[in-house]
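Enquirer: Dropping the structure in here first, questions after.
The values are calculated or read from the model by the stated rules, or taken from the named source; none is laboratory data. What you see is a predicted model, and the numbers here were worked out from it, not measured in a lab. Here the Cβ positions follow ideal geometry from the backbone for every residue, glycine too, while neighbour counts run over all protein chains shown.
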Amino acid sequence: MNAHSPRILTEAETALIDAVARSSFDGDTQVRKAAVDIIEKSGLPTRRVEYFHYTDLRALLKGDFQPAERVSENVARDAGKPYPRLVSDACVLHFRDGHYHDFGEELPDGVTVKAGLPDAPKGDTLEDATSLVNTAVAIGGVSLTIADNTEVDRVVGLAHAQTGVATTASGTRLAIEAGAGSTATLIERACGPDGNGYLNSSDVDITIGEGAVLTYVLSIEEGDAASRLGRISVDLAKDARINLFILNAGGKLVRQELVFDCRGEGGHVEIAGINLVGDESHIDVTSTITHHVPNTTANELFRNVCTGRGRGVFQGRINVAQPAQLTDAQMACNTLLLSDNCDFSAKPELEIFADDVQCAHGATVTDLEESYLFYLMARGIPEARARRLLIKAFVAEAFEPMEDEGLEQALEARIDDWLDSNV
Amino acid sequence: MLEIKNLHVRIAEDETEIIRGLNLTVKAGEVAAIMGPNGSGKSTLSYVLSGKEDYEVTEGSITYNGENLLEMDVAERAAAGVFLAFQYPVEIPGVPTMTFLKEAMNAQRKQRGEDELTTPDFIKRVRAAAKDLHIDFDMLKRPVNVGFSGGEKKRAEILQMGLLEPNLCVLDETDSGLDIDALKIVSDGVNHLRDPNRAVIVITHYQRLLDHIVPDTVHVLSKGKIVKSGDKDLALELEEKGYADIIAAAA
């Protein structure tokens, strides 16, 4: 095969390009066109692009996507009904097929929201494919600001739901700024109906000010035929902290990128993730933490369960720049493989230029522990039930540091739902 | 209640024969002690009764209340009332003890066609049983056996036994790792469960436990079979003379 022969676009690539061309969106069309040009010229990344080594986007992303029309408020409200909110007194901002819908929920004190698409994420090579796709298809967005020194007393929810009226390619873009000294909890949730092969693209750009603490929960519950390309980028100032909890419990193809930059001393990144990889699904979480300055810390834990023919991926990269002495970064990725036909790829990467740092990574892959199973069954708990208890215990441990018990229970209920249909 | 006939058992993995023609009958209401030196097959017997997969029965039968015990899986045996108090209780991270107890109690109730326990009723039962065994209720909020001391683990086993109300209790070296006070508490817990409808098999190295849990019968196990049976005085004789004489006499 001649490497210079003209590429033939896949159905999904053509659909993405057309979806933009035919879109009625009236935003920054120049930036969109530039992103689309790169996709048209180079195609979506294959395994040859290292960042996508385990997720061949060109082969995996399928669909004859349509542009997403804005639905009426009634349809938008109905589309959210199958997914009752995780926290009863939260203020929720709603997104439907990429469009932002303001249902007039009262914001907590200290939080302001400006509707409108934030600037597109940077991207000019195939490594940036997730950002390029977002640039091409994102429709709605908000800029959310938390005032300095505010302790936000209610959870703010960001609820994405797909209406399923068409097989759409759409996306959202969120810019979140946590002011210095502020404390807040945000829950982002992406849901959609089963059996619809939509594409949801999500870009979240978070800036955490000096001494601020942001707890961010991302619950991915896309429909069983859906594709999702997501990216969260977090910039941390001096003494800033992010607690990121991520649950993957849906979607046929999920690529979720997490990018953290510790730019001020004393910054801390805490990540706890649960990836539930069901039959025929491909779930990829790729995280990059960069320590730019001295005295920053990170702790990352993923617990994964694979069943059926599911394929899971975790790429965890830690970069320590030359000035970043006394960095302490820990990373662990533990996986349960429950069938002979599933697989999980874990790739930890450390790139360290400073000489006085502590960095550790560990990855394990196991089946359920027989001695645990025997003990539970020896007390009369039937095998299927005992297995389920152990699987849940294995993953739920990752969310134990969550201080909100109600929220933890709500997420455990999502895990139960997944176990009901997959184990 | 339990009748073991000509039982032969080997380790499935390497086919080493451990039990070689064991015969044992235990009646309802009886407390039977099984004593024997290291490697005589005591723990293997307890695992075979509870149905652990690592062991393979090559010959013989185990009849429990008229049913073929060997045809039942681990959970079915437990639900039918066979309880093994583990020599080394397993630590299970992530599974809260209370969740585990409730699952176990309800699984067995379901098997018997009874309604599930309500949460208040369940907690009331656990509190009462924990108090009798001097178990701090807060300990039960922790994951199963995780961070428990040796004595706490053994007490937790007896707590489970009390809550599950089995018909046949098998205590596998429950005295190992216990100090004198804990031994007394655990023994009281077991004695409390003595009942005309319940049988108890006490597996132990030492006579000491049998001062507290006085057996009706004592059986000496050596090289995979019972070589001598008697009443509680046999245990005293063993304590005095050691195993060597009796085993030599039987050989």
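Enquirer: Is it true that some residue in region A:356-367 is within 21 Å of B:Phe100 (Cα to Cα) and touching a helix residue (DSSP H, G or I) at 6+ places or on another chain (Cβ under 8 Å)? Can you show your working first?
Expert: Residues of region A:356-367 that are within 21 Å of B:Phe100 (Cα to Cα), as a first pass: A:367.
Imposing the further condition that a residue be touching a helix residue (DSSP H, G or I) at 6+ places or on another chain (Cβ under 8 Å) reduces the set to none.
No, every residue in region A:356-367 fails to be within 21 Å of B:Phe100 (Cα to Cα) and touching a helix residue (DSSP H, G or I) at 6+ places or on another chain (Cβ under 8 Å).
Enquirer: Now a separate question. What about A:Leu350, is it surrounded by 15 or more Cβ atoms within 10 Å (Cβ to Cβ), away from chain B (no Cβ under 14 Å), out of contact with any Phe, Trp or Tyr (no Cβ under 7 Å at 6 or more places or on another chain) and touching a residue at least 24 places away in the same chain (Cβ under 8 Å)? Give the steps one after another, and end with the answer.
Expert: Details: surrounded by 15 or more Cβ atoms within 10 Å (Cβ to Cβ): yes; away from chain B (no Cβ under 14 Å): yes; out of contact with any Phe, Trp or Tyr (no Cβ under 7 Å at 6 or more places or on another chain): yes; touching a residue at least 24 places away in the same chain (Cβ under 8 Å): yes.
Answer is yes for this residue.
Enquirer: Something else now. When you look at B:Gly230, is it closer than 22 Å to B:Lys27 by Cβ and either surrounded by fewer than 18 Cβ atoms within 10 Å (Cβ to Cβ) or touching a residue at least 24 places away in the same chain (Cβ under 8 Å) (or both), yes or no?
Expert: yes
Enquirer: Which members of region A:276-299 meet the condition of being aliphatic (A, V, I, L, M) and part of a loop (DSSP other than H, G, I, E, B)? Working first, answer last.
Expert: So in region A:276-299, the residues aliphatic (A, V, I, L, M) come out as A:276-277, A:283, A:285, A:289, A:293, A:298.
The one that is aliphatic (A, V, I, L, M) and part of a loop (DSSP other than H, G, I, E, B): A:Val293.
Enquirer: Would you please name the residue that is farthest from the chain's Cα centre (by Cα), looking only at residues in region A:370-393 that are aliphatic (A, V, I, L, M) and within 8 Å of chain B (Cβ to nearest Cβ)? Steps first, please.
Expert: Step one: of region A:370-393, the residues aliphatic (A, V, I, L, M) are A:373, A:376-378, A:381, A:384, A:386, A:389-391, A:393.
Pick out the ones that are also within 8 Å of chain B (Cβ to nearest Cβ) and you get A:376-378, A:381, A:386, A:389-390, A:393.
Details: A:Leu376: 35, A:Met377: 37, A:Ala378: 40, A:Ile381: 36, A:Ala386: 30, A:Leu389: 26, A:Leu390: 25, A:Ala393: 22 Å.
Taking the candidates together, the pick is A:Ala378.
Enquirer: Right, next: For the subset of region A:11-70 comprising residues that are closer than 30 Å to A:Gly316 by Cβ and among the acidic types (Asp, Glu), which member is modelled with the highest pLDDT? Full working, then the answer.
Expert: Keep residues of region A:11-70 that are closer than 30 Å to A:Gly316 by Cβ, which gives A:12-13, A:16, A:35, A:38-39, A:42-63.
From what's left, among the acidic types (Asp, Glu): A:13, A:50, A:56.
Values: A:Glu13: 89, A:Glu50: 93, A:Asp56: 96.
So, considering only residues that are closer than 30 Å to A:Gly316 by Cβ and among the acidic types (Asp, Glu), the one modelled with the highest pLDDT is A:Asp56.
Enquirer: How many residues, within region B:48-69, are aromatic (Phe, Trp, Tyr) and under 22 Å from B:Ser229 (Cβ atoms)?
Expert: Of the residues in that region, 1 qualify.
Enquirer: At least 3 residues that are of a type in the set (S, T, N, Q) in each: list the helices (runs of 4 or more DSSP H) lying fully within region A:13-120 that qualify. Even if it seems obvious, please write down each step before you answer.
Expert: Working: elements: A:29-42, A:57-60, A:73-80.
Counting at least 3 such residues, we get A:29-42.
Enquirer: For residues in region B:76-99 being within 21 Å of B:Ile123 (Cβ to Cβ) and among the hydrophobic types (A, V, I, L, M, F, W, C), which is farthest from the other protein chains (Cβ to nearest Cβ)?
Expert: Ranking the candidates gives B:Met98 first.
Enquirer: Any idea which residue in region B:49-75 is surrounded by the most Cβ atoms within 10 Å (Cβ to Cβ), counting only those that are more than 8 Å from every other protein chain (Cβ to nearest Cβ) and among the β-branched types (Val, Ile, Thr)?
Expert: Going through the qualifying residues, I end up with B:Ile62.
Enquirer: I'd like to know if region B:38-58 contains one or more residues that are in a strand (DSSP E or B), of a type outside the set (A, V, I, L, M, F, W, C) and farther than 24 Å from B:Val200 by Cβ.
Expert: Going through region B:38-58, the residues in a strand (DSSP E or B) turn out to be B:55-58.
Pick out the ones that are also of a type outside the set (A, V, I, L, M, F, W, C) and you get B:55-56, B:58.
From what's left, farther than 24 Å from B:Val200 by Cβ: B:56, B:58.
Yes, region B:38-58 has at least one match.
Enquirer: For region A:302-325: of the residues being of a type in the set (Gly, Ala, Ser) and within 25 Å of A:Leu218 (Cα to Cα), which is surrounded by the fewest Cβ atoms within 10 Å (Cβ to Cβ)? Even if it seems obvious, please write down each step before you answer.
Expert: So the first thing to find is which residues in region A:302-325 are of a type in the set (Gly, Ala, Ser), and the list is A:308, A:310, A:312, A:316, A:321, A:324.
If we keep only those that are within 25 Å of A:Leu218 (Cα to Cα) too, we end up with A:308, A:310, A:312, A:316.
On the way: A:Gly308: 15, A:Gly310: 25, A:Gly312: 27, A:Gly316: 24.
So the residue we want is A:Gly308.
Enquirer: Among the candidates A:Asp328, A:Asp343, A:Asp417, A:Asp367, which residue alone is over 30 Å from B:Gln87 (Cβ atoms), surrounded by fewer than 15 Cβ atoms within 10 Å (Cβ to Cβ) and more than 13 Å from chain B (Cβ to nearest Cβ)? Full working, then the answer.
Expert: Details: A:Asp328 fails: surrounded by fewer than 15 Cβ atoms within 10 Å (Cβ to Cβ); A:Asp343 fails: surrounded by fewer than 15 Cβ atoms within 10 Å (Cβ to Cβ); A:Asp367 fails: over 30 Å from B:Gln87 (Cβ atoms).
One residue alone meets the criteria, A:Asp417.
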